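The structure appears below as structure tokens.
Coordinate-derived values only; no laboratory data. Treat the numbers as computed from the prediction; the structure is a model and nothing was measured. A quick note on method: Cβ atoms are made from the backbone with ideal geometry, for glycine too, and the neighbour counts reach across all protein chains shown.
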Amino acid sequence: MIPTYRKQFNQDFSQEKYSQLKEILRQKSGLEPGFRVSESPIFLTQEFKHKLIDATESIIDQIKALPVELLQKAVPENCKVPNDTAQPHFFTIDFGICSNEKGEVEPQLIELQAFPSLYAFQKAYEETFCEVYPFLDEIKNPMSPEDFKNYLKEVIVGDENPENVVLLEIFPEKQKTAIDFAFTEKLLGIPTVCLTKIKKEGRKLYYDNNGTLTQIKRIYNRVIFDELDKIPNLTTEFDFRDEVDVQWITHPNWFFKISKFLLPLLHHQYVPKSYFLHEFPSDEKLEDFVLKPLFSFAGSGVNLNPTQEITDAISDKENYILQRKVSYSPIFEDINGEFSKAEIRLLYIWRENDERPILLENLGRMTKAAMVNVDFNKKDAIWIGSSNVFFG
């Protein structure tokens, strides 16, 4: 997309520098990434960034205009958590980098979430790219690391003592995103605590802080609530549905409210047409659509080639959508003259008294496979995996 930066990067690239990139990330965090880190950043133009922002601002307007009762319908009865909030603390939105009928490169909405992503990791990743390839400094994110830290601290820690704020996950050491937890701990001074270690006394929650039982006042929640039912023999003192004296960052109900549930309700030239499965019109062709469960994570359950037989067999059709297929552009050239496709996720925070969210950082994902998920790539492929977008 920006030939000058792509050419310079490919000329400067070496396997030694790739190893250096990964080693710096390991030294900074103390962990190996649990996912594949791409060799290359993604380069996009300011014009493309304006298209992303235009689409996102329109989508935010549409979400703000939706009735509260409609959003509440998205939350399954067995997953409703007390003390909901007026808006989420996080807003992330994924766009495919696609080609339209004219061959023009444009963004196309893939999905959106009110759930935290790899905020701390992505900032460190961007800084590390700039350390290894200093020429990237001139097109890096204009938000300074200090401003980034202050924004994230304001949202997650607020006015509390960091020891009374926890990053909550289930078996965090087993999660692919554990490196982000480590960066978050270093950035904000908050501990990562497993849900199974939480102690409950009345309405108060506690964790073991080096032998001292310490009250939890704010939870930076990284648990996918509806995933808990899939864990066999899970024993916890604390259930999300309990009435407790904590502030959720962000409240678990928002995971459902801003999700694929909204896709059929949104309209924009960069939003592919979507339908709930039970409302799919007879004049549309199934082969033009992708089948997605409403509340899956990391691409699980997505069917790129749904058939009538497959959709007929689904009993809870209201929990699935069909989204019109988009054409990803293979435009990111590697050192072998092969091309990758990519998605970009914009990472916003939404402060409690703000009318609109603030864009902090981005996350890129590169692939040479049909799905933008590294598990679907050939093992010897390059220019695949987690990346970061630089706008020139």
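Using the alpha-carbon centroid of each, what span in Å lies between segment 225-245 and segment 110-143? Spelled out, the Cα-based centre of one part sits 33 Å from the other. In order along segment 220-230, phi translates into HN-Hα couplings of 7, 7, 10, 7, 7, 4, 6, 7, 4, 5, 8 Hz, rounded to whole numbers, per the Karplus curve 6.51 cos²θ - 1.76 cosθ + 1.60 with θ = phi - 60° and x for Gly and Pro. Calculated mean residue ellipticity, 222 nm, the chain: -7500 deg cm²/dmol, from DSSP H runs (n ≥ 4) at -39500 (n - 2.57) each, averaged per residue and rounded to 500. The share of alpha-carbon pairs in segment 246-392 lying farther apart than 21 Å comes to 56%. Applying both filters, DSSP loop and at most 15 other Cβ atoms within 10 Å, to the GluC sites (Glu not before Pro) of segment 134-208 gives E160. When both segment 269-327 and segment 15-89 are represented by their alpha-carbon centers, they are found 22 Å apart. When Rg and the Kirkwood Rh are both derived from Cα coordinates, the Rg/Rh ratio for segment 1-107 amounts to 1.10.
By the count of neighbouring beta-carbon atoms within 10 Å, fewest first, T128, T307 end up ordered T307, T128. Close amide H pairs (under 5 Å, H built 1.01 Å from N) link I110 with D94, F95, G96, residues at least 5 positions away or on another chain.
Relative contact order of the chain, taken over Cα pairs closer than 8 Å and 6 or more residues apart, is 25 percent. Mind checking the log10 I(q)/I(0) for segment 121-259 at q = 0.18, 0.19, 0.21 Å⁻¹? Debye, one equal scatterer per Cα, no solvent, two decimals. One equal scatterer on each Cα of segment 121-259 leads to -1.09, -1.18, -1.36.
Over 21 Å, how big is the tail of the calculated P(r) for segment 294-360, in percent of all Cα pairs?
Roughly 56 percent, rounded to a whole number.
Overall, segment 49-126 carries a charge dipole of about 180 debye about its Cα centre when +1 sits on the Cβ of Lys and Arg and -1 on the Cβ of Asp and Glu, all other atoms neutral.
Scanning residues 5 or more positions from F332 or on other chains, those with amide H under 5 Å from its amide H are S340, with H placed 1.01 Å from N in the peptide plane.
Take segment 40-192, drop everything but the C-alpha atoms, weight them equally and run the Debye formula without solvent; then report log10 I(q)/I(0) at 0.11, 0.19 Å⁻¹ to two decimals. Listed by q, the Debye log ratios stand at -0.61, -1.45.
In the chain, a dipole from Cβ-located charges (positive for Lys and Arg, negative for Asp and Glu) runs towards its positive end, and of N10, V68, Q215 it is N10 whose Cα lies farthest in that direction.
The magnitude of the dipole of segment 48-196, with charges of +1 and -1 set on the Cβ of Lys/Arg and Asp/Glu and taken from the Cα centre, is near 260 debye. Too long at a 20 Å Cα-Cα cut-off: which of K73/K325; K28/K186; K73/K260; K174/K197? Pairs exceeding the cut-off: K73/K325.
Considering only F91, I198, T128, and ranking their Cα positions along the charge dipole of segment 86-207 that arises from unit charges at the beta-carbon of Lys, Arg, Asp and Glu, the one farthest toward the positive end is I198. What translational diffusion coefficient, to the nearest whole µm²/s, does segment 228-303 have by Stokes-Einstein, given a Kirkwood radius computed over alpha-carbon pairs, a temperature of 20 °C and 1.002 mPa s viscosity? Answer from the Stokes-Einstein relation: 135 µm²/s. Think of each Lys and Arg Cβ as +1 and each Asp and Glu Cβ as -1; about the Cα centre, that makes the dipole of the chain roughly 400 debye.
Using only alpha-carbon positions in the chain, the gyration tensor eigenvalues give semi-axes of 32, 29, 19 Å once each is multiplied by 5 and square-rooted (largest first).
With contacts taken as Cα pairs under 8 Å at a separation of at least 6 residues, segment 82-167 carries a relative contact order of 19 percent. What percent does the relative contact order of segment 217-315 come to when contacts are Cα pairs within less than 8 Å and at least six residues apart? Relative contact order here is 21 percent.
Each residue in H50, H251, H268 was given a count of other beta-carbon atoms within 10 angstrom of its own, and listing them fewest first yields H50, H268, H251.
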